[in-house]
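Undergrad: Once you've had a glance at the structure underneath, I'll fire off some questions.
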Amino acid sequence: MLPISDFKKDTLPKEYRHNSLVSLVQNISILTGRLNIDYVSDKRPEKYPDSDDPYPLYDKSKKGAHDSRFATGIVVGVEKNTDTDALCYCFDCRSQGSTTTKKWGKVYLLTTKTVIFDKSEALKTKFTLFFDNKTRVLSGSSVKDSDINYDWCEVECATCDTTLIDKLSDNLERCSTEMKSVNSHFIGELTRPKLAIIVFHPFKQPKTFSYGFWKDRFEGNKNTWTNYEYNVGTERGAAGAFVYIVGVSDISKRYVHVHCGLRNHGGYSSFGLERTNDASNINDNRGPRVDN
């Protein structure tokens with residue numbers, strides 16, 4: 001692990017030292033932000049679905065506790081408002097009341113369901129982008145979609161900073177193009193690429209780059225949803241960070257795997273879709289976790 005500002009080509013394993021991958025990691029970093037959540041929903045369950053394992057923060061959820069915690073999120077989409085009658089409902093505009101603007105939009109971020117459980121937690125969330133340099137802070141507005149079984153949550157942040165929306169839109173397009181190119185390159189070069197990369201926000205530390213290799217791949221519903229176990233080093237605050245699986249990942253919403261935590265002496269991701277599902281060498285001893 002090292003600060004993202006110190007990341008360079010030589011940081012990568014020799015067979016992965018490619019300029020396009022270096023550029024891609026830097027763009028992933030721009031889309032990665034720090035989450036500060038200041039509330040625990042009273043709707044959190046006592047246990048994971050179909051499990052005896054305790055669900056995170058349930059002990060603090062009964063009273064709707066104000067409990068500050070930090071995690072990571074990744075921008076997966078942006079949208080400009082096209083309804084001329086709709087007013088911005090970001091935190092600043094809500095505070096100003098009648099002075100709200102019609103020039104606004106939405107930023108969508110992905111993290112885990114265990115990090116942000118529902119709208120009540122989203123409303124008490126701050127999402128800080130470009131944390132190591134000039135910062136932009138967004139406030140959560142609502143939960144657009146989530147899945148407790150596959151452990152992901154898409155949060156909507158309204159903002160009247162249209163310059164930021166344009167910047168993120170350009171970066172998302174660039175990131176998507178580069179990722180397709182990098183995936184294609186390494187699938188052609190290597191029989192089965194194993195590199196896994198995570199950019200995350202450790203607690204009270206600069207944005208950090210870490211890499212390792214995935215060890216197991218599991219399939220969920222109808223073999224279209226997968227999750228991974230890997231040996232990528234992380235620290236407190238990494239939950240919700242994008243896990244880039246070289247040759248597989250995409251930056252498009254449901255195709256994103258995010259870091260959930262530690263298990264079996266390694267890390268594991270949420271379930272995400274894959275553009276190409278190679279069923280070879282799959283250890284599916286856990287079985288599907290389906291939420292219809």
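Undergrad: Could you grab me the full set of residues in segment 58-80 that are surrounded by 19 or more Cβ atoms within 10 Å (Cβ to Cβ) and over 20 Å from Gly33 (Cβ atoms)?
TA: Within segment 58-80, just Ser61 meets the criteria.
Undergrad: Any idea which residue in segment 177-235 is surrounded by the most Cβ atoms within 10 Å (Cβ to Cβ), counting only those that are of a type in the set (Lys, Arg) and more than 14 Å from Ser270 (Cβ to Cβ)?
TA: Restricting to residues being of a type in the set (Lys, Arg) and more than 14 Å from Ser270 (Cβ to Cβ), the top hit is Lys207.
Undergrad: What's the number of the only condition in (1) within 22 Å of Leu273 (Cβ to Cβ); (2) in a loop (DSSP other than H, G, I, E, B) that Glu173 fails to meet?
TA: That leaves (2) as the condition not met.
Undergrad: Can you tell me which of Thr226, Thr208 is touching a Phe, Trp or Tyr at 6+ places or on another chain (Cβ under 7 Å), modelled with pLDDT of 90 or more and under 19 Å from Phe127 (Cα atoms)?
TA: Going through Thr226, Thr208 in turn, the sole match is Thr208.
Condition check ((1) touching a helix residue (DSSP H, G or I) at 6+ places or on another chain (Cβ under 9 Å); (2) at pLDDT below 80; (3) not small (Gly, Ala, Ser)) across all residues:
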site	(1), (2), (3)
Pro56	no, no, yes
Ser61	no, yes, no
Thr72	no, no, yes
Val75	yes, no, yes
Asp83	no, yes, yes
Asp92	no, no, yes
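Undergrad: Still on this structure: Of these, Gly261, Gly267, which one is at pLDDT 75 or above, surrounded by fewer than 21 Cβ atoms within 10 Å (Cβ to Cβ) and in contact with a strand residue (DSSP E or B) (Cβ under 9 Å, 6 or more places away or on another chain)?
TA: After applying the criteria, what remains is Gly261.
Undergrad: Hey, another quick one. For the subset of segment 184-216 comprising residues that are within 16 Å of the chain's Cα centre (by Cα) and outside any strand (DSSP E or B), which member is farthest from Phe130 (Cα to Cα)?
TA: Residue satisfying both the conditions and the ranking: Pro202.
Undergrad: Scan segment 94-149 residue by residue and report those that are among the acidic types (Asp, Glu), over 21 Å from Val256 (Cα atoms) and at pLDDT 90 or above.
TA: Selection gives Glu121 alone.
The values are calculated or read from the model by the stated rules, or taken from the named source; none is laboratory data. The structure presented is a predicted model; accordingly, all values stated were derived computationally and were not measured. Here Cβ is always computed from backbone atoms with ideal geometry, including for glycine, and neighbour counts include all displayed protein chains.
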